[in-house]
1. Taking A:Val42 as the residue in question, decide whether it is under 30 Å from A:Val135 (Cβ atoms) and in a helix (DSSP H, G or I).
2. Quick one: which of A:Arg79, A:Arg36, A:Arg46 is out of contact with any His (no Cβ under 6 Å at 6 or more places or on another chain), more than 9 Å from chain B (Cβ to nearest Cβ) and surrounded by 14 or more Cβ atoms within 10 Å (Cβ to Cβ)?
3. So A:Gly156 passes all but one of these: (1) in contact with a Gly (Cβ under 9 Å, 6 or more places away or on another chain); (2) surrounded by fewer than 20 Cβ atoms within 10 Å (Cβ to Cβ); (3) not charged (D, E, K, R). Which condition number does it fail?
4. Taking the stretch A:49-61 only, how many residues are farther than 15 Å from A:Ala146 by Cβ, without any contact (Cβ under 8 Å) to a residue 24 or more places away in the chain and either more than 7 Å from chain B (Cβ to nearest Cβ) or of a type outside the set (Gly, Ala, Ser) (or both)?
5. Which one is nearest to B:Phe61 (Cα to Cα) among residues in the stretch A:82-140 that are of a type in the set (Phe, Trp, Tyr) and over 17 Å from the mean Cα position of the chain (by Cα)?
6. Among the numbered criteria (1) surrounded by fewer than 23 Cβ atoms within 10 Å (Cβ to Cβ); (2) more than 8 Å from chain A (Cβ to nearest Cβ); (3) under 16 Å from B:Phe147 (Cα atoms), which single criterion is violated by B:Phe41?
7. Has the stretch B:107-118 got at least one residue that is modelled with pLDDT of 95 or more, facing chain A (nearest Cβ under 9 Å), touching a Cys at 6+ places or on another chain (Cβ under 9 Å) and buried (at least 16 other Cβ atoms within 10 Å of the Cβ)?
8. Looking at B:Asp51, B:Asp13, can you tell me which residue is acidic (Asp, Glu) and either surrounded by 14 or more Cβ atoms within 10 Å (Cβ to Cβ) or touching a strand residue (DSSP E or B) at 6+ places or on another chain (Cβ under 7 Å) (or both)?
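The values are calculated or read from the model by the stated rules, or taken from the named source; none is laboratory data. Just so you know, these numbers come straight off a predicted model, no measurement behind them. Positions of Cβ are generated from backbone atoms using ideal geometry, with glycine treated the same way; all protein chains shown enter the neighbour counts.
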Number of protein chains: 2
Amino acid sequence: MNQLKSLIRTIPDFPKPGIEFRDITTLLQDPWGFKRAIDEFVSHYRYSPIDKVVAIESRGFVIGGALAHHLSCGLVMARKKGKLPWMVERQEYQLEYGTDVIEIHKDAIVKDDRCLVVDDLLATGGTCEAACKLVERLQGIVVGCAFVIELPDLGGRARLAKYDQHSLVSFSGH
Amino acid sequence: MNQLKSLIRTIPDFPKPGIEFRDITTLLQDPWGFKRAIDEFVSHYRYSPIDKVVAIESRGFVIGGALAHHLSCGLVMARKKGKLPWMVERQEYQLEYGTDVIEIHKDAIVKDDRCLVVDDLLATGGTCEAACKLVERLQGIVVGCAFVIELPDLGGRARLAKYDQHSLVSFSGH
């Protein structure tokens, strides 16, 4: 996975001083890198029956779209507040300062749908945990949480401990 | 394509009275529908050499991600203002009232990259035209513009006349 890691650009002091932002766009725009990342997920989940990939806005849409197509699943968008046009389930979650909200359509998941939740990055795990709660409120089953990048020092893995988790590369030290 | 069309939900009076919103989420969450839509694009573009899929935020990310992976291309995100973390090229475009901006990273496209611009919907074509201009400013070549839905009465096809265009389903009357 070191080859994938080398395709991720680090941008110092973004979005604020002291933060090293891990920029996945350089991996996505590399044909080999993007294919390799998706193929890694596919080989990890190939033998897990999955009905729906739940992709978290908005970089998660790129990963989730490719993965859902390859696994022949449905794709469900977990979106920020007010973006979905139909009836939604809504889950609030904690940010460093204040709260945010994530939504999915009420008909996007049906009882016992086996769902894989996908995002580009696992940091504190707040958004992903909220997406998992939405899946469960609609009586779906979270079969796993998949990320390209994990920042292990931010505690996301512990927060999502009840779910199977899989990430491709890891950056420590923040 | 009537089967695909029947998977698209129409929501009256969204986002404002008199507009019939074509909701693609019902197509995406249907495993057959999503796979069929992507496979239609793949078969259309299979013999066009493509280096980069340029996906327009944010529903375009889902389509573009799946398509780029299947065609073994790089994926470039065309994002709204201020979302990309590195140096960007920026293009303003006209809305019904006011203007908006779309951006891509300066290093996302290199000279002579053959680019397919992808979005979920072709309406007036303003956003897509702006994305095409960004591709050309970075000395890439627009090999085509691909949409799931086309609203032919809004004039997008004429606006993008200099580019090859392909859409899967069409809704007239607006």
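1. Spelling it out, A:Val42 is indeed under 30 Å from A:Val135 (Cβ atoms) and in a helix (DSSP H, G or I).
2. From the options A:Arg79, A:Arg36, A:Arg46, the qualifying one is A:Arg36.
3. Result: A:Gly156 passes all but (2).
4. Adding up the residues that qualify gives 0.
5. From the stretch A:82-140, those of a type in the set (Phe, Trp, Tyr) are A:86, A:93, A:97; that's our starting set.
Now drop any that are not over 17 Å from the mean Cα position of the chain (by Cα), which leaves A:86, A:97.
Values: A:Trp86: 20, A:Tyr97: 29 Å.
By that ranking, first place goes to A:Trp86.
6. With (1) surrounded by fewer than 23 Cβ atoms within 10 Å (Cβ to Cβ); (2) more than 8 Å from chain A (Cβ to nearest Cβ); (3) under 16 Å from B:Phe147 (Cα atoms) applied to B:Phe41, the lone miss is (1).
7. Yes - at least one qualifying residue is present in the stretch B:107-118.
8. Values: B:Asp13 fails: either surrounded by 14 or more Cβ atoms within 10 Å (Cβ to Cβ) or touching a strand residue (DSSP E or B) at 6+ places or on another chain (Cβ under 7 Å) (or both).
Answer to the check: B:Asp51.
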